[in-house]
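Reviewing the structure listed below.
The values are calculated or read from the model by the stated rules, or taken from the named source; none is laboratory data. Note that this is a predicted model, so its numbers are computed, not measured. Positions of Cβ are generated from backbone atoms using ideal geometry, with glycine treated the same way; all protein chains shown enter the neighbour counts. Calculation scope for accessible area: heavy atoms of the full protein, side chains included, ligands and nucleic acids excluded. Shrake-Rupley method; radii C 1.70, N 1.55, O 1.52, S 1.80 Å.
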Amino acid sequence: MDKKIIYSGIQPTGCITLGNYIGALGNWLKLQDDDEYQCIYSIADLHALTVRQNPAEFRARTLSFFAQYLACGVSPEKNIMYFQSHVPAHAELTWILNCYTYVGEASRMTQFKDKSAKNADNINMGLMDYPVLMAADILLYNTSMVPVGVDQKQHLEIARDIANRFNNAYSPTFNVPEPYISTMGAKIMSLADPTSKMSKSDANINATISILDSRDVVMSKFRKAVTDSDNTIRIGEDKPGITNLLTIYASVTGKTIDEAVAECSDMPYGVFKQHVGEAVDELLTPVRIKYNDLMGDKAYLISVAKEGAEKAAYLAQKTLRKVYKKVGLFQL
Ligand code: TRP
């Protein structure tokens, strides 16, 4: 396999939003038909354990996330898709990499500091180890590129540092991954506060559209979307709400922003919001139908997850064996 590896993990927390769909998934769908790349996606269930999960809900949500990606058209034939906990090499390489990671650098991570502040009663070792597990995810697969948002950039940096440190201590073992900056996919903002990003774990349910929201819910959320009192439909820094709605409309219809503005500029806000809601619902309806079909066929989902885990484990095991040998673990 000489294709460049693109690796990404998805934490099964919150819900998959319209922002994820427009921002990342569109790109995944394009990449899966590009012969230059092999994409590997894991459901990062071990990462999610760093904050307390209700076991029954967590188990259900993990499978649901997997089904949602499939429902969006991410193909298990063209990509390697699996659950992180099904490939033991992730936990095993994490242990080794822990011995090449300094407590100082791990405790300086912004996300660790943020999450420690938010979970003051549960600052567990996993929270600090989070970036090392993420480094193991990436480094196990000879990854060339990792699509990252700003919030994960620092974690990619530490993965690169760990890889270089290991390579220098022994001999070239890990590919040192680069960030992959997507050229497509607009940034979608919260419907309730259009100056902040649409987040999959926003507490305000009206802030985000889940890709599984029913038509009624979609329409109602767009009706409530925050705009402004200026009553003109145009983009501009002074109009974050309308700009966001125009961006969403253009993204889901495949039109340019200019086309969207030309089409909608005469609409009163109420009509415009409904128009955007309709377009979003049209995009999401087939996803919802496919999702329900998939969730009705657990045996199929499990077989896909198994196959993905086998493919991933084969690649991961090769790297892990090399690493064990280099550090001097006695081999049988
Ligand atoms: N930490 C990432 C996030 O919260 C998820 C993740 C886990 C990941 N392992 C990864 C992303 C490996 C990229 C590569 O978004």
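Using the Cα centre of the chain as origin and beta-carbon charges of +1 (Lys, Arg) and -1 (Asp, Glu), tell me which of Tyr269, Tyr314, Gln154 is placed farthest towards the positive end of the dipole.
Tyr314
Per the Kirkwood treatment, what hydrodynamic radius in Å, one decimal, follows for the chain from the mean inverse distance over all distinct Cα pairs?
21.3
Show me the trypsin sites (Lys or Arg not before Pro) within segment 34-76 that DSSP assigns to loop and that have at most 14 other Cβ atoms within 10 Å of their Cβ.
Details: sites: Arg52, Arg59, Arg61; in loops: Arg52.
Taking segment 34-76 and a limit of 14 other Cβ atoms within 10 Å, the loop trypsin sites (Lys or Arg not before Pro) found are Arg52.
How long is the gain from Gln274 to Lys153 if the chain were fully straight, where each residue apart is worth 0.36 nm and the alpha carbon distance is subtracted?
Here the answer is 39.9 nm.
How far is helix 298-327 tilted off the main Cα axis of the chain, in degrees rounded to 10, range 0 to 90?
With both axes taken from Cα atoms, the answer is about 40 degrees.
Suppose R0 equals 41 Å. What FRET efficiency, 1/(1 + (r/R0)^6) with r the Cβ-Cβ distance, do Ser229 and Asp33 give to the nearest 0.05?
Given R0 = 41 Å and the Cβ-Cβ separation, E is 0.35.
For a quick check: with amide H placed at 1.01 Å from N, whose amide H comes under 5 Å from Met189's, ignoring anything fewer than 5 positions away on the same chain?
Amide H neighbours of Met189: Met198.
Over the heavy atoms of Thr256, what accessible area does a 1.4 Å probe trace out, to the nearest 10 Å²?
Using a 1.4 Å probe on the heavy atoms, I get roughly 70 Å².
By how many degrees, 0 to 90 and rounded to 10, does the Cα axis of helix 55-71 deviate from the longest principal axis of the chain?
70
Let me check against my output: what whole-number percent is the relative contact order of the chain, with C-alpha pairs under 8 Å and at least 6 apart?
On the way: 472 pairs, mean separation 72.7, N = 332.
Relative contact order comes out at 22 percent.
Can you give the Rg to Rh ratio for segment 39-138, taking only C-alpha atoms and Rh from Kirkwood?
Here the Rg-to-Rh quotient is 1.01.
If you put +1 on each Lys and Arg Cβ and -1 on each Asp and Glu Cβ, how big is the dipole of segment 1-65 around its Cα centre, in Debye rounded to 20?
Values: 6 positive and 7 negative charges, 71 e Å.
Approximately 340 debye in magnitude.
Please identify, among Met189, Met134, Met109, the residue showing maximal mean-square fluctuation in a Gaussian network model of the chain using a 10 angstrom Cα cutoff.
Taking springs between Cα atoms under 10 Å, the residue moving most is Met109.
Of all DSSP beta bridges located in the chain, what percent are antiparallel, nearest 5? Don't jump to the answer; show the numbers that get you there.
Values: 2 of 17 bridges.
That works out to approximately 10 percent antiparallel.
With only Lys, Arg, Asp and Glu charged, each at its Cβ (+1 for the first two, -1 for the last two), find how big the charge dipole of the chain is about the Cα centre; round to the nearest 20 debye.
1040
Which value, in debye to the nearest 20, gives the size of the charge dipole of segment 215-293 about its Cα centre, when Lys and Arg are +1 and Asp and Glu are -1 at the Cβ?
Details: 10 positive and 13 negative charges, 72 e Å.
So the magnitude is around 340 debye.
For an R0 of 45 angstrom, estimate the FRET efficiency from the Cβ-Cβ distance between Lys255 and Asn54 and round to the nearest 0.05.
0.60
Under 10 Å, Cα contacts only: if you run a Gaussian network model on the chain, which one of Ile248, Ile205, Ile138 comes out with the highest mean-square fluctuation?
Ile205
Which entries of Lys187/Lys239; Lys115/Lys197; Lys187/Lys273; Lys187/Lys224; Lys153/Lys325 show an alpha-carbon separation above 23 angstrom in the structure shown?
Where the Cα-Cα span goes over 23 Å, the pairs concerned are Lys153/Lys325.
For segment 95-110, just list the computed ³J(HN,Hα) in residue order, Karplus coefficients 6.51, -1.76 and 1.60, θ = phi - 60°, integers in Hz, with x standing in for Gly and Pro.
4, 4, 5, 4, 7, 10, 10, 8, 4, x, 5, 5, 6, 8, 4, 4
Distance from a point 7 Å along Cα→Cβ of Ser107 to each backbone N in segment 127-150: keep the residues under 18 Å and list them by number.
127-132
Taking the Cβ-Cβ separation of Ile181 and Ala120 as r and a Förster radius of 25 Å, what is the calculated FRET efficiency to the nearest 0.05?
Plugging the Cβ-Cβ distance into 1/(1 + (r/R0)^6) gives 0.15.
How big is the shadow of the Cα convex hull of segment 215-293, averaged over all directions, in nm²?
Spelled out: convex hull of the Cα atoms, projected over all directions, averaged, 5.1 nm².
Based solely on its DSSP helices, what 222 nm [θ] is calculated for the chain when runs of n ≥ 4 H residues each add -39,500 (n - 2.57) and the sum is averaged over all residues, nearest 500 deg cm²/dmol?
Computed ellipticity for the chain at 222 nm equals -16500 deg cm²/dmol.
If the cut-off is a Cα-Cα distance under 22 Å, which lysines reach Lys318, setting aside same-chain residues fewer than 8 apart in sequence?
Partners within reach: Lys3, Lys4, Lys78, Lys306, Lys326.
Using a simple spin-label model with points 7 Å from Cα along the Cα→Cβ vector, what separation in nm is obtained for Lys78 and Thr285?
2.4
What fraction, in whole percent, of alpha-carbon pairs in segment 92-251 exceed 25 Å separation?
It works out to 49 percent of all Cα pairs.
Which GluC sites (Glu not before Pro) from segment 199-277 combine a DSSP loop assignment with at most 13 other Cβ atoms within 10 Å? All intermediate terms of the calculation are to be shown ahead of the outcome.
Details: sites: Glu237, Glu259, Glu263; in loops: Glu237.
For GluC sites (Glu not before Pro) across segment 199-277 that sit outside H, G, I, E and B with at most 13 neighbouring Cβ atoms in 10 Å, the list reads Glu237.
In whole angstrom, how far apart do the alpha carbon centroids of segment 41-78 and segment 269-304 sit?
Spelled out, the Cα-based centre of one part sits 17 Å from the other.
Please find, in a Gaussian network model of the chain (springs between Cα atoms separated by less than 10 Å), the residue of Ser182, Ser229, Ser42 whose mean-square fluctuation is greatest.
Largest GNM mean-square fluctuation: Ser229.
Any chance you could run the full-extension gain for Leu332 through Ser303? It's 0.36 nm times the residue separation minus the Cα-Cα distance, nm to one decimal.
That works out to 7.2 nm of additional length.
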